[in-house]
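The values are calculated or read from the model by the stated rules, or taken from the named source; none is laboratory data. Note that the structure is predicted; figures quoted are calculated from it, not measured. Here the Cβ is made from the backbone with ideal geometry for all residues, glycine too, and neighbour counts use every protein chain on show. These area figures cover heavy atoms from the full protein model, side chains too; ligands, DNA and RNA do not enter into them. Shrake-Rupley method; radii C 1.70, N 1.55, O 1.52, S 1.80 Å.
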Amino acid sequence: MIFVGVTRFSVFQPQSVEWHASKAANLNEKKEEYLSYLYSDYRMMFRLHVFINLSLPILEKGSQGHDYIHVVQYSSVMPSKFLRPLKEAEQRYKFLKLVEVSEDERYERVWSEVKLFFRPKFKEGKLVFGFFNLDDDDLLSVTFFNQMSRYITEDNIGSYVSLGLGATGYYNYDDKKLEVAKLCYNPKINIGLLAVSYFNGDGFFIPRRGSHKLVDQEAPLILDSRAISFFWIRSVHQDTGLYDKKVSSSEGLKKNLEKYKRQLTASHLVSHFPSLASKRDFIHHFCHKVTRKVKSIFRKFL
Amino acid sequence: MIFVGMTRFSVYQPNSVEWNASSGNTDSSEYLDYLYSDERMEFRLHTFLELSLPQLSEASKGFDYIHIVQYSKIMPEKFRKELLAASEKFSFLKLIEVEPETRYDYVWDEVKKYFDAKSLSGQTPFGYFNLDDDDLLSTDYFEAASKYIREDNVGFYLSFGLGLTGYYDFEKRKLESLRSCYHPKINIGLMAISSYDGNEFFIPKRGSHTTVDHYSPLIIDSRSYKFFWIRSLQQDTTLLKTNEREVIAKIKEDLDRHKEIAKPSELDLYFPALKQTSVVPPDEEVVLFQGEEVLSKSGSVYGLNIPAEAREFRIKYNLSCPSDVPPHAALVSVRFEDNDMDTSVSGLNISGAKHIGYYRYFDTKPGTVEASVSFTLEGSRKISEVAVFRWKESPVLLKKLSISAK
């Protein structure tokens, strides 16, 4: 199955409405201030860590057996010290493709890159694929690609697919530690929202949508919330804290997470988001598996 | 393409959670009195037989369709008679008498007979849905669902998330507070993409409709109006009504939280059974329209229910016309139940254009126009509709339209 993922890695676009950080800049009308916020070490080190150390290893594992390209857009004005780790990651992960964009550029160069990827595969008719955007601080689960595969069919072209069950939690970046992990039911969430699209040898068809919350008003939506498919990380290093003081502190974020009642188990963490799991989680998971095995052996004897 | 619908028509369930919960008692004779009270049943027979079935009949044209209606043996004869009459009229309807202990298998045996008569082979996907007796589906419901009923979608549910809702005044048969209702996973029209293998049915399991996507993949399509959620005084949910006015106010208050619909004409398009009919009592003026609407060439239609003995009519109108408006820039057309277009009517002209029929021009002149059109009927003709049309290019604004009869 073919998958195309796109990440805009802290792209500098003062006109963009996609970024909380850029909204603040518009308010202040100070490009310089925005630039220095956007590429502050505090913000960038966190994002590089999440994307490179947490997200990419999962994407690699999950995409095994699938045909996958993931395009990362970055700005020409991004300081080179942040570009270097991305370039290294591009060397390491075959599916990763970096594309530099200028201030007023949108997705043109991304799609010409994707076209190069499609050309050798295309024979005739429609080449169906799944397309998704992924923020640099969001994670997909190891099972995402397999879960999605059954829906990426010619009959479903024009539809969106949302896997509505996932997890969320508080990530302590200083200690590189997940401190809270809860199950999170959030249908139509933008993390992993996938468009069933096709390439016809010439161009791409990607169903249109407006807000992810109202995607079903513009296209048919397949919603499957049976298995965990995303991790929504909360951290003090994120842009949301700029506007909402409630979530600018770790206490505020943790308080916010109390509304999610169900815990994410160590087993789920290990099997779905191994890069987020601690040694303790692995031991826990391993012990749990052994206990189950032992129990089943005993059951045979009883 | 096969569709199976199922309605439990006020089935007597002594252990009904709703009854117990709302009344706080378990006296079954009281429950029976409530369940089969005239007020409750007349409303439900009206919505199901006169509103819902015509919708389903129109929607199912070109499809294979069976709709099972379960009813209780204990239901009074006078109500059963009406259901029976409907089953004569609508060939897709199949009535099944059930008792509290009747098993679901018994009901499905009827569906099986229907499938087996078709000599199908292999796996046959079909759409299955439950429908409450006071809910409506749009005339394009089956058409829209049909593209999702495929073998690779068997095991999925299908939810049409956009519909309409409004307060239905049962006494006056009048719809008020029409609103748009965006409600993905609503139980109205929630369809299970099922299959039949020549022997058994496979219907995907689900729990509550609100968590259906936790158990099965769910297709949500909310691109156009597919259901109508009727709100009325006569529904079970208003069982504890103390004060009618209060209940109505509450319903309307709730409706006001929903968005108004951009094009009210979509009601006629998707739910023609709900097309408005105004009851016009003798000697009373009934307002058909009040507000501001630029008249269109395709016309605005107002359904009427006027007592047959009324003979003298007066249609009053209030217009706002531009300064360069020509005479005869708009007109009112009167339609009769008998569709006869040859018999002359005193006070009305007959147009060669079929969609106009009996008409009178409005007295259009610059500025505000307040005037009326009177006419008299002979014999036993009954008016069914009044329609207003723009007749020239000049934009004419309708501000008020009313009718009285005696």
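May I ask you to derive the FRET efficiency for A:Val77 and A:Glu154 from their Cβ-Cβ distance with R0 = 51 Å, giving the value to the nearest 0.05? Don't jump to the answer; show the numbers that get you there.
Numbers: r = 42 Å, r/R0 = 0.81.
Working from the Cβ atoms, E equals 0.75.
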Practice task
Ignoring ligands, DNA and RNA and using a 1.4 Å probe, state the total buried accessible area between A and B in Å², rounded to the nearest 100.
Solution key: 1600
Completion exercise
Charge dipole of the stretch A:149-302 built from unit charges on the beta carbon (Lys, Arg +1; Asp, Glu -1), centred at mean Cα; most positive-end Cα among A:Ala167, A:Val290, A:Ile222 is A:Val290
Handout entry: Amide H contacts of B:Trp229 (H built 1.01 Å from N, under 5 Å, at least 5 apart or other chain)
Key = B:Leu164, B:Thr165, B:Gly166
Completion exercise
Computed ³J(HN,Hα) along the stretch B:247-255: with the Karplus parameters 6.51/-1.76/1.60, θ = phi - 60°, integer Hz and x for glycine or proline, the list is 5, 4, 4, 5, 4, 5, 4, 5, 5
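Averaged over A:210-220, how many beta carbons belonging to a partner chain fall within 10 Å of each residue's beta carbon? Provide the component values of the computation, followed by the final result.
Numbers: counts 0, 0, 0, 0, 3, 2, 11, 9, 2, 4, 9.
Per residue, the average neighbour count from other chains is 4.
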Handout entry: Per-pair calculated FRET efficiency, R0 = 35 Å: B:Arg150 and B:Glu110 via Cβ, rounded to 0.05
Key = 0.85
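If packing is taken as the average number of other Cβ atoms within 10 Å across a peptide's residues, how do B:308-317, A:229-238, B:42-51 rank, most packed first? Before the final figure, lay out each step's value.
On the way: B:308-317: 16.5, A:229-238: 23.0, B:42-51: 19.1.
Per-residue mean Cβ counts within 10 Å order the peptides as A:229-238, B:42-51, B:308-317.
Cα gyration tensor of the stretch A:2-264, axes a ≥ b ≥ c as square roots of the eigenvalues: rounded (a/c below 1.5), prolate (a/b > b/c) or oblate? Working shown, then result.
Values: a/c = 1.62, a/b = 1.22, b/c = 1.32.
Here the stretch A:2-264 falls in the oblate category.
Can you give the extra length, in nm with one decimal, that the chain gains between B:Glu171 and B:Lys61 once fully stretched, where that is 0.36 nm per residue apart less the Cα-Cα distance?
Taking B:Glu171 through B:Lys61 to full extension adds about 36.5 nm, to one decimal.
I'd like the carbon and sulfur percentage of the solvent accessible area for the protein assembly as shown, probe radius 1.4 Å, heavy atoms only, ligands and nucleic acids excluded.
Values: 16830 of 33820 Å².
That fraction is 50 percent.
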Practice task
Report the FRET efficiency, 1/(1 + (r/R0)^6), for A:Glu258 and A:Asn172, where r is their Cβ-Cβ distance and R0 is 22 Å, rounded to 0.05.
Solution key: 0.85
Exercise for the section: Might you work out the accessible area of B:Trp391 for me, using a 1.4 Å probe with all protein chains in place, and round it to the nearest 10 Å²? Expected result: 90
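Averaged across A:223-234, how many Cβ atoms of other chains sit within 10 Å of each residue's Cβ atom?
Partner Cβ neighbours, averaged per residue: 3.
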Problem - Cα-centre dipole for the protein assembly as shown with unit charges at Cβ (Lys and Arg positive, Asp and Glu negative), debye to 20 - result: 2800
Practice task
Specify the inter-centroid distance of the stretch B:212-235 and the stretch A:172-222, based on alpha-carbon positions, in whole Å.
Solution key: 23
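Mind checking the full-extension length gain between B:Gln13 and B:Ser119? Use 0.36 nm per residue of separation minus the Cα-Cα distance, one decimal, nm.
Values: separation 106, 0.36 × 106 = 38.16 nm, distance 3.61 nm.
Between B:Gln13 and B:Ser119, full extension yields 34.5 nm more.
As an exercise, identify the trypsin sites (Lys or Arg not before Pro) in the stretch B:72-137 lying in DSSP coil whose Cβ has no more than 13 other Cβ atoms within 10 Å. Show your work: numbers first, answer last.
Details: sites: B:Lys73, B:Lys78, B:Arg80, B:Lys81, B:Lys89, B:Lys94, B:Arg103, B:Lys112, B:Lys113, B:Lys118; in loops: B:Lys73, B:Arg103, B:Lys118.
In loop regions of the stretch B:72-137 (DSSP not H, G, I, E or B), the sparsely surrounded trypsin sites (Lys or Arg not before Pro) are B:Lys73, B:Arg103, B:Lys118.
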Problem - Peptide-level mean, for B:216-226, of C-beta atoms on other protein chains within 10 Å - result: 6
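Assign unit charges at the C-beta atoms only (+1 for Lys and Arg, -1 for Asp and Glu), then state the dipole size of chain B relative to its Cα centre in Debye, rounded to the nearest 20.
Numbers: 49 positive and 61 negative charges, 226 e Å.
Computed about the Cα centre, the dipole is about 1080 debye.
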Fill in the blank from the handout: Taking B:329-337, A:74-82 and ranking on average Cβ neighbours within 10 Å, highest first, one gets B:329-337, A:74-82
Practice task
Check each residue of the stretch B:137-159 and keep those whose accessible area, probe 1.4 Å, is at least 30 Å² smaller with all protein chains in place than in the chain alone; give them in order of residue number.
Solution key: B:Arg150, B:Asp152, B:Phe156
Problem - For the stretch B:2-255, accessible area per residue (1.4 Å probe, heavy atoms of protein chains only), Å² - result: 44
